[in-house]
Amino acid sequence: MKRLSFILLAIIPSLIFAQQVSNIRAQQEGREIAVYYDLTDRANVTLGVKVDGKRVKPKLLSGDLGKHVEAGTKKRISWQVLDERDGKFQSNNVVFSIRANAPWRPFILAEGAFAPKPFQYSAGIMAGIVSRAGIYVKARSSFQFGSADGTIKKENGGYYLSPHQATYSETEMSYIMTDKQKLCHYVVDVGVIVRVAHRKEYMWYVFGGAGYGERKLLQKTKDGSWLRYEPTSYKGVSLDLGAMMAYKHFTMTLGANMILPTYTEIQIGFGYIFN
């Protein structure tokens with residue numbers, strides 16, 4: 001005679017970071033034991049079982065477990081216990097535990113940025129991996145490069161040129177400089193990203209990081225040299241802040257980057273999040 005007899009003493013939700021499994025219950029349904037639960041977040045779900053104080057590893061499991069279980073109510077895990085145990089299962093101590101871990105999701109975005117004053121543009125990528133929290137790295141460039149043969153500084157109402165070692169007026173500068181410029185810029189940042197909200201297929205994240213960046217304006221003189229215009233050239237530690245929204249596999253970022261202390265860019269990105 002095929003028998004299924006058990007006394008359910010406890011069902012323990014085993015969670016990480018946040019209470020996302022609730023309303024857990026188990027019951028006999030024909031030849032199997034069904035464990036029901038509600039899941040508030042997409043997760044990798046595993047079922048643990050102890051019978052008479054000993055941990056067992058069920059072989060015949062099906063239903064809402066494994067990788068990337070979608071959020072929802074009345075999720076169901078079925079354990080075909082009689083098929084697994086030759087038609088007999090009897091115990092006075094059965095404990096189930098459910099563990100739900102948010103899956104790791106790699107992402108990559110194409111990102112652009114601009115500064116209105118002084119005008120500057122740059123483009124690059126942002127890539128990382130995130131569960132409820134994660135890390136990212138980003139790099140951008142204006143794709144203009146060059147080295148400076150000297151500098152231009154504004155002082156005492158004029159322009160001091162080095163290595164010319166002289167100060168020139170606005171009119172005199174028109175005879176020295178051409179209209180050719182290079183807007184050289186790059187920045188590299190590393191930081192952390194944290195999920196702050198999840199509503200069905202939408203997820204919202206905030207991120208912040210730091211790195212190094214440089215922005216320099218090079219102007220060409222009529223004698224062929226390139227001079228760095230110091231009033232609008234910056235280099236040093238950069239700070240990166242922003243937010244990311246994910247809908248299914250589509251991602252979008254909006255944020256700002258600052259090369260300390262005063263040069264700031266607005267940045268926007270579009271990309272793809274996996275899994």
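The values are calculated or read from the model by the stated rules, or taken from the named source; none is laboratory data. Treat the numbers as computed from the prediction; the structure is a model and nothing was measured. All Cβ positions, glycine included, derive from the backbone under ideal geometry; neighbour counts span all protein chains shown.
Annotations for the structure displayed:
- For the criterion of being surrounded by 13 or more Cβ atoms within 10 Å (Cβ to Cβ), more than 30 Å from Leu61 (Cβ to Cβ) and modelled with pLDDT of 85 or more, Ala100 fails.
- Residues satisfying the stated conditions in the stretch 127-140, i.e. under 20 Å from Tyr202 (Cα atoms) and of a type in the set (A, V, I, L, M, F, W, C): Ala127, Ile129, Val130, Ala133, Ile135
- Where strands (runs of 3 or more DSSP E) sit wholly within the stretch 143-243, those with at least 2 residues that are within 27 Å of Phe270 (Cα to Cα) occupy 177-199, 202-221.
- Filtering Arg215, Arg228 for residues that are in contact (Cβ under 8 Å) with a residue 24 or more places away in the chain and under 29 Å from the mean Cα position of the chain (by Cα) leaves a single hit, Arg215.
- Restricting the stretch 231-271 to residues that are aromatic (Phe, Trp, Tyr) and surrounded by 14 or more Cβ atoms within 10 Å (Cβ to Cβ) leaves a set whose member that is farthest from the chain's Cα centre (by Cα) is Tyr234.
- Checked against (1) farther than 30 Å from Lys180 by Cβ; (2) assigned to a loop (DSSP other than H, G, I, E, B); (3) not assigned by TED's automatic domain parsing to the domain that holds Val56, Met126 passes all but a single condition, namely (2).
The rows are residues; the columns are (1) surrounded by 15 or more Cβ atoms within 10 Å (Cβ to Cβ); (2) within 30 Å of Ile125 (Cβ to Cβ); (3) in contact with a Gly (Cβ under 7 Å, 6 or more places away or on another chain).
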| site | (1), (2), (3) |
| --- | --- |
| Gly157 | no, no, no |
| Met173 | yes, no, no |
| Cys184 | yes, yes, yes |
| Val187 | yes, yes, yes |
| Arg195 | yes, yes, no |
| Val206 | yes, yes, no |
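- Every residue from the stretch 258-272 that is assigned to a strand (DSSP E or B), modelled with pLDDT under 95 and either of a type in the set (Val, Ile, Thr) or within 21 Å of Ile129 (Cβ to Cβ) (or both): Ile259, Thr264
- Lys67 vs. criteria within 30 Å of Gly271 (Cβ to Cβ) and either modelled with pLDDT under 90 or of a type outside the set (Val, Ile, Thr) (or both): yes
- Every residue from the stretch 75-101 that is over 17 Å from Val51 (Cα atoms) and without any contact (Cβ under 8 Å) to a residue 40 or more places away in the chain: Lys75
- Residue check for Glu155: of a type in the set (D, E, K, R) and at pLDDT 95 or above: no
- Selection status of Gly112, surrounded by 18 or more Cβ atoms within 10 Å (Cβ to Cβ), in the same structural domain as Ala256 (by TED's automatic domain parsing) and assigned to a strand (DSSP E or B): no
- The number of residues in the stretch 25-71 that are among the basic types (Lys, Arg), surrounded by 17 or more Cβ atoms within 10 Å (Cβ to Cβ) and touching a Pro at 6+ places or on another chain (Cβ under 8 Å) comes to 1.
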